[in-house]
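Trainee: Sharing a structure with you now.
Derivation of every value follows stated rules applied to the coordinates shown; laboratory data play no part. Bear in mind the structure is a predicted one, so any value in this text is a computation, not a measurement. Note that each Cβ is placed from the backbone with ideal geometry, even for glycine, and that neighbours are counted across all protein chains shown.
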Amino acid sequence: MISDRETFSHFVVNDVRFPTSRDLDGSDAMNRDPDYSAAYVTVHTTGGATGHGFVFTIGRGNEVEVAAIRAVEQLVVGLAVDEVLADMGSFWRRLTHDSQLRWLGPEKGVIHMAIGAVVNAVWDLYAKRQGVPLWQLLSGFTPQQIVDLVDFRHLTDQLTPAEALAILEKAEDGRERRTQELLERGYPAYTTSAGWIGYSDEKVSHLVRQALESGFTHLKFKVGGDIEDDLRRVAMVRKLVGPDVRLSVDANQVWDVNEAIFNVRRLAAHDIYWVEEPTSPDDVLGFGEISRMVRPIKVATGEHVANRVVFKQLLSSGAIDVCQIDACRVAGVNENIAILLMAAKFQIPVCPHAGGVGLCEIVQHLSMFDYVAVSANIEEHWIEFVDHLHEHFVDPVQVVKGRYLAPRYTGSGAAMHAESVTDFEYPQGAKWKAMTTSS
Ligand SMILES: [Mg+2]
């Protein structure tokens with residue numbers, strides 16, 4: 001029997017890698033030579049519709065994510081598109097709680113990130129079908145529809161569906177005004193473009209001046225190398241920017257807890273706003289100790305926090321002061337909404353991790369949705385901005401005078417140019433072939 005109902009037909013998955021390690025773009029104390037990469041998925045339907053998503057990685061292992069997305073494909077092909085879009089909460093649970101795939105996490109790491117790429121791709125398709133940008137699709141849902149997207153399992157000791165509903169109902173007032181504000185003024189950004197650890201002092205100075213001229217008032221620098229050199233570099237930057245610009249630092253997990261406290265107290269001489277990932281993101285107790293000991297410097301983390309349950313502990317225990325969601329670390333939009341709701345409950349600002357490849361493009365939608373419909377707060381909120389690789393996206397972010405302009409295109413912004421995907425596909429793409437023959 002031939003059915004005319006539209007179903008998910010197949011995925012196309014590409015291993016796309018950019019040779020960023022050649023210029024040390026993205027280099028930090030833990031990740032010395034990243035090749036920013038995407039395990040890039042295009043979800044296809046029998047009706048010819050598509051949605052795009054990806055897992056961000058930094059090179060080797062990207063092929064593992066490609067295989068993980070293939071494993072998730074088997075759970076999606078054949079599902080009716082309309083039924084999935086009508087109940088994205090159930091779709092998320094279907095993928096995340098698959099009784100066999102779940103064993104590979106549970107709810108963390110390679111398989112969870114692959115689920116995130118697929119969930120995000122379906123959200124991209126959904127927003128395109130509605131003819132709106134993702135942030136406005138989400139912001140148009142009723143409080144109950146938003147609650148229905150979230151899996152509250154393992155969260156209810158700190159956030160119940162009723163509490164989430166109350167947070168969202170409180171934010172209903174003013175949604176229209178905040179939407180207009182974003183469309184007119186955009187959303188604040190901070191930049192890490194000047195701060196990579198592999199850059200020379202000259203390059204850092206040049207990029208700092210450029211950032212100030214571009215209107216940024218908050219800059220972040222990588223630390224966690226030799227502490228004397230960190231102190232020297234941060235002092236140099238503080239001198240360049242003057243007293244009124246916020247400076248944050250990012251240690252990318254390299255310190256032990258006591259070492260972090262000692263080093264952050266030394267860096268405090270240069271008026272640090274937040275310290276990011278001072279130690280292992282799994283160490284909730286360690287984060288709590290660091291944040292008690294380095295006040296008033298704020299402690300930030302999230303880009304490597306595996307799931308909403310770890311976020312629950314970090315947020316509810318006061319272990320972090322800044323919540324750094326990542327669009328592609330946890331299992332996609334739905335799980336990030338759970339985290340936004342918990343951050344709103346504990347009144348902790350969400351300042352997303354971005355950069356990499358495509359992270360800015362997607363995560364801006366979550367921050368804008370948060371402002372319109374969840375926290376209703378934009379004070380002390382910034383989205384990270386790094387000026388790399390946007391040219392590969394069909395709808396690249398637009399950051400003007402230190403602010404993200406609100407997207408007006410349809411979808412999530414995850415779609416890459418077809419020629420970028422073929423040129424940088426690893427290892428057979430033309431760009432990689434040219435490099436292997438020339439080096
Ligand atoms: Mg970081």
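Trainee: Test of understanding: ordering 391, 181 by Cβ neighbours within 10 Å, fewest first, what list do you get?
Mentor: 391, 181
Trainee: Quick one: order 298, 170 by neighbouring beta-carbon count within 10 Å, fewest to most.
Mentor: 170, 298
Trainee: Below 8 Å between Cα atoms, with a sequence gap of 6+, how large is the relative contact order for the chain in percent?
Mentor: 19 percent
Trainee: Out of 355, 372, 227, whose Cα points farthest toward the positive end of the dipole of the range 165-419 (charges: +1 Lys, Arg; -1 Asp, Glu; placed on Cβ)?
Mentor: About the Cα centre, the residue reaching furthest to the positive side is 372.
Trainee: Work out Dmax and Rg for the range 46-137 from the C-alpha atoms and quote the Rg first, both in angstrom.
Mentor: Both quantities, over Cα of the range 46-137: 13.4, 37 Å.
Trainee: Moving on. For the range 165-419, give the magnitude of the charge dipole about the Cα centre (Cβ charges: +1 Lys/Arg, -1 Asp/Glu; no others), in debye to the nearest 20.
Mentor: Taking the Cα centre of the range 165-419 as origin, the dipole is about 560 debye.
Trainee: Can you quote the Å³ per residue value for the convex hull of the Cα atoms in the range 165-419, rounded to an integer? Mind dumping the intermediate values first?
Mentor: Values: hull volume 32.2 nm³, N = 255.
Taking the convex hull of the Cα positions in the range 165-419, it is 126 Å³ per residue.
Trainee: Only helical DSSP H runs with n ≥ 4 go in: add -39500 (n - 2.57) per run for the chain, normalise by residue count and round the 222 nm mean residue ellipticity to 500 deg cm²/dmol.
Mentor: -12500 deg cm²/dmol
Trainee: Can I ask one more? Using unit Cβ charges (K, R positive; D, E negative) and no other charged atoms, how large, in debye to the nearest 20, is the dipole of the chain about its Cα centre?
Mentor: Using Cβ point charges on Lys, Arg, Asp and Glu, the chain gives about 400 debye.
Trainee: Sorted from fewest to most neighbouring beta carbons within 10 Å, what does the list 419, 425 look like?
Mentor: Going from sparsest to densest Cβ surroundings: 419, 425.
Trainee: Let me check against my output: what whole-number percent is the relative contact order of the range 213-307, with C-alpha pairs under 8 Å and at least 6 apart?
Mentor: Numbers: 136 pairs, mean separation 24.7, N = 95.
Rounded, it is 26 percent for the range 213-307.
Trainee: Now, a different point. What is the range 165-419's relative contact order, in percent, from Cα pairs under 8 angstrom and six or more apart in sequence?
Mentor: Answer for the range 165-419 is 21 percent.
Trainee: Quick check: the distance between the Cα centres of the range 284-362 and the range 92-170, to the nearest angstrom?
Mentor: Centre-to-centre (Cα) distance: 16 Å.
Trainee: Find the centroid of the Cα atoms in the range 252-283 and in the range 11-37, then give the distance between the two in whole Å.
Mentor: 25 Å
Trainee: Given points 7 Å out from each Cα along the Cα-Cβ axis, report the residue 271 to residue 181 separation in nanometres with one decimal.
Mentor: Roughly 2.6 nm, to one decimal.
Trainee: For the chain, state the average projected area of the convex hull of the C-alpha atoms over all orientations, rounded to one decimal in nm².
Mentor: On the way: hull surface 83.9 nm².
Result: 21.0 nm².
Trainee: Another one. Run the simple label-point estimate for residue 142 and residue 80 please: 7 Å along Cα→C-beta, distance reported in nm.
Mentor: Rounded to a tenth, the inter-label distance reads 2.2 nm.
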